[in-house]
Every structure is written in structure tokens, then in C-alpha cells.
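> Structure below; questions to follow.
What follows draws every value from the coordinates through simple rules; no lab data is involved. Quantities reported herein were computed from a predicted structural model and do not represent experimental measurements. Note that each Cβ is placed from the backbone with ideal geometry, even for glycine, and that neighbours are counted across all protein chains shown.
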Amino acid sequence: MSDAHAAQGGLSEFRMPSLGADMEAGTVVRWLVQPGDRVRRGDIVAIVDTDKADVEVEIFQSGTVSEILVVPGERVPVGTPLARVTVEVAEAPIAPSPAPSSVPAPVSPTKAAPAIAPPATAPSAAAPSRSRRARPSPTAATTPAPAAAPSARRRVSPLARTRAAELGVDLEALSHTIRDRPIGVADVEAAVGAGVAASEAGARARAAPAPAPAPAPAPTAAPTAAPAPTSGLPSLREPTAPTERQAKLRQAIAALMERSKREVPHYYLAQDVDCSRMLAWIEERNVARPVTERLLPAALMLRAVALAVRETPDLNGFWIDGALRRSDAVHLGVAISLRGGGLLAPAIHDADRLDVSDLMAALKDLVTRARTGNLRASEMADPTITVTNLGDQGVDSVFPVIYPPQVAIVGFGRIAERPWAEHGMVGVRSVVTTTLAADHRATDGHLGARFLNALARQLQDPQEW
Amino acid sequence: MNDQALEALVRRVLSRVAPELDVEGLEPDVDLREQADLDSMDFLNLVSGLHDATGIEIPERDYPAVATIAGCAAYLAARQSG
């Protein structure tokens, strides 16, 4: 996109993002902007049907929409220009300047690096996903800076330029990492590899033995029965008929899980953890709070995973091109089953930096939006490790399937009272079985065991709640 | 509100919590988690929605009493003032 924008003086193309390795095309369901509208980096500009879900897609450049190129309903390949944006600010300088020697390709394990997240991408190889997250930088839109200066100096081979256009690679972003030589075709293709592979992280399809698809309530009743939503809960969009949507989602899950089981040598570990104290803590806390602030055990479990994985960072990242790429940020994928069947595993960003209350709020929000079809592209694309909780379904333990290219997934079964021996005594405790499925190419059981130990510690240590 | 109106209210709140549900088809006396496949987040949203609609707080220790639609209605009936 920035290729065009650089070459044509401030014109940028907003392209169909890749939100999963198995996503080849998408359909713009609806535009939220029209020509003449000003957009800011991080604004949601379109709803895109990725087959798995309708996703809110953010734009990563600030400017003015000059032209809409694809009309709603048209299915186009990933990388296809969807709109043109006149960029008013050179965002390049804003991005944290990376060590010039950093990894060539935007390692960004996040989504469609090339497609959606141009400027932020390359420079932030170290902490990829964060910079591009939908956090409109206030500085971005404000002052038109003496723009495109950097891009003007970019050296790109003509062939690479063509290839980049074909693949939807952002040359602008690439030029931040490759500064000492002209960008070649190989660089462009490498960038795609990283970006595309990474994107499947978000891969929607989630892994775990899918929770038995909800006994789909007769859809026929909906039209007549559905009372007008009177509260603020988001309403359902109605672009794709539910059954068609479910069928596509099923296909997408099938493709990703097939790939996972074909390519990823899983190993599995399990550990029982006494979480009586945690439950008592939650209960006590909830008594004193209004219902809107009540916690669920799931929130503490997510926090425990986020903190534990920081101790074993090799489980937090991606297996791309035969190598482990750790992520500095912890974006926790949360497997959310949809009532009509199927599931999605969008991310809670920077989960390790949120306290339990914030995590609870984030989880509530994410579950609601996943089930009403209001997820954002960044959430779909960049989980670094996923958590699946089948406790509510009453199973004791879950041995989940990894979402490639992530390298680990953590499972929680139900919390149940069980006999528990400790210090020579047997008592009754509330126990949960935690499980880990991890990619044996990236880590070994020894490290996985360390993770589960750290997780158990987090779940039992009030200091951490 | 009488029991019937309260049941209708519960169904209305449920339909917001889980828009895909055929709320009118739910049995009043069968556990909601089971028949509607509600998870703990849904249940929390239900309790929260009932509070919004009636002003009545349902503490966690009373959750067993509100496991069914009829249970919810009876619980609310017993606590509504006037």
C-alpha cells in the first residue's frame, strides 16, 4: 500500500487484510467511511467477511479517503486494494526507530503485516503487535508533517515493486528494516511469508476439541420471537445467513485444525491445581460488588496464564519458517464457542498487563462481540497463545489443538470438589485440571512442565490476584 | 408485576443475553444452563440484565434459586417492593 502512496505522493491503498493463513479472500460487507471522510490510524473503516466471521477492520494510516475501489458484496483476494487514502502525515517517523540491523522481514507475528499494518510493522520487529494495535496515536493525525521524505529515498527493484503490488506487501514498511541496500523480490516474498504465516495466528479456527456445538435453538423462531433488544447489547448484523456463516466457519476451522494436526507435533501435559482459595477470594470479593463488577474464575485463569507464560516465553509466539519467533507481548487468544456451533479465538491484547478487573471487563466485552459478530481485525489476527476453558461444559479436562502458527494452547476443565491429599491429610478441595498442548518443534516437555508449575503457582497465590 | 409478566421479563432479558435463543420455546422449569447452553458469562449477563430491568440485586449465593425461568420470576416476585 505504501508503495503506491510513496510513489504517488501521499496516496495510500487500503487493502484486503489477511486474517489467517487459510484466508485467501474476503468480502467487504459494509463500508463505514466514504470518500472525503478523514480517517485516523486505528479507525474501523470497514466490516469484512472472512468466512469465519464478520470482522471490523482498522486502518493503519491517517488521511482522507479519496476513493472506494471495492463495493460491498464483492469477494476479492487478500491484498486487493479496497480504497485509496490520501495520507496527510508521514507516520514513519512516529514509529519507534528500530535497530537498523533488526530482522529483515517484519516478523510481526500479527496479522496481515503487509496488508493492513504498514508503517507500524517493520520498525517494530521487536514488539510487533503492540505498535499496530488499534490505538490511534493522537500524534498521528494532528500535524501534517513534511511527509514522505523517507519513502522518496527508498530503493526498490522494479521487479520487487511489481511483486509487492501483487502480494500486497507494504514497501514503505519494508524499507524501514532494509535500509542498507535496495529491496529485492526475495525481501518482498520473505515479508509475505512472515506476514501471512503470522496472520494465521489469529486464525480463527480454534483448536480445542470443539465444545459440543450448542444445541442450536430452532432458528425459525427467531424472527417472530426476538423481542426488540431494548438495551445496549450490540445487535446482530445480518449480512450472511446464519447457516451459511456456520458452514463457512466450519470449513475454516476444519482447514486450520487439519493443518495443525498434520504439521504440528503436539505434546500434552496436565496438572491438577487446588483453587479453593482462589474461589473463596472471588466469592468474598463479589459479595461486596455490584453485579456488573463481579468476577468469574475465568478472569483469574486468564491472568494466571498471562503471567505464567512470561516465565516461559518460548511458549508465547509463533513457529514460522522452521523457527520459533517469540512475542514480547502477551496477546491471549480466548476460545469462545458460538451458540450456533463453531468457535472463534480472538485476542485480549497485553493480557499480562491487565489486572483481574480489567481482564474480566475485556473478557466480557470480547465474548459479547465474538457472539454478535463485532470483532476487530487486530483481535482476530494476533493472539500469541490461546486459552480454552471447557469448565462450563462440565468436562474434567481438555486436550486442545494448537492454532498454528502459535506454539501452545492452555486448557481448563471444570472446577470440581475432589478429595485432595496434602501434608498427610485428605480433604475436599475445589480442583481444576490445567492442561497444556505445545508444539514439540518449539519446546520440550520440560519447559511445558515449568509452565504448568508456574500456572499452578499463579492460581494459588493471592498476591497475584 | 405478576408472575407471568415477570417470566416475560426474564425471557426478554435472556433474548438480549443470547440473541440466537428461541426464548419463547424455553421450558420455565428446566435449568437454563442446560436447556439453553448458557455458560457462566451468559449467566452473569442474565443476572446483570435482571438487575438493570428491576433494580434487584441477585447475589451469587442465590444463584441456585434463579437457575430456571420460573425460579427467576419467583425470586423477583418475592423481592419487588409493593
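> Using every alpha carbon pair in region A:310-396, what percent of pairs falls into each 10 Å bin from 0 up to the bin containing the largest distance?
Using 10 Å bins, I get a P(r) of 16, 46, 31, 7 for region A:310-396.
> Here's something else I'd like to know. Between A:R30 and A:F399, 0.36 nm times their residue separation minus their Cα-Cα distance comes to what?
Between A:R30 and A:F399, full extension yields an extra 129.0 nm.
> If each residue of separation counts as 0.36 nm, what is the full-extension length gain between A:Q251 and A:D461 once their alpha-carbon separation is subtracted?
Length gained between A:Q251 and A:D461: 71.5 nm.
> Is region A:259-464 best put as rounded, prolate or oblate by its Cα gyration tensor, with a ≥ b ≥ c the root eigenvalues, rounded for a/c under 1.5, and otherwise prolate when a/b is larger than b/c, oblate when not?
Because a/c hits 1.5 or more and a/b fails to exceed b/c, region A:259-464 counts as oblate.
> Using a basic spin-label model with each label point 7 Å from the Cα along Cα→Cβ, how many nm lie between A:L279 and B:Q4?
4.1
> Using the Kirkwood radius over C-alpha pairs as Rh, can you work out the diffusion coefficient of region A:358-465 via Stokes-Einstein at 37 °C, viscosity 0.692 mPa s, in µm² per second?
Answer from the Stokes-Einstein relation: 204 µm²/s.
> How many times 2.2 N^0.38 Å is the alpha carbon radius of gyration of region B:3-79?
0.94
> Using all alpha carbons of region A:251-310, what is the percent of pairwise distances in each 10 Å bin, ordered from the shortest bin to the longest?
16, 30, 26, 19, 8
> Could I ask something else about it? Can you sort A:M23, A:M278, B:M1 so the residue with the fewest Cβ neighbours within 10 Å comes first?
B:M1, A:M278, A:M23
> Which FRET efficiency, nearest 0.05, do A:Y268 and B:A78 yield, Cβ-Cβ r, R0 41 Å?
With R0 = 41 Å, the Cβ-Cβ based efficiency is 0.25.
> Quick one: what Rg and Dmax do you get for region A:19-88 from the alpha carbons, in Å?
Calculated on Cα positions, Rg and Dmax stand at 11.7, 34 Å.
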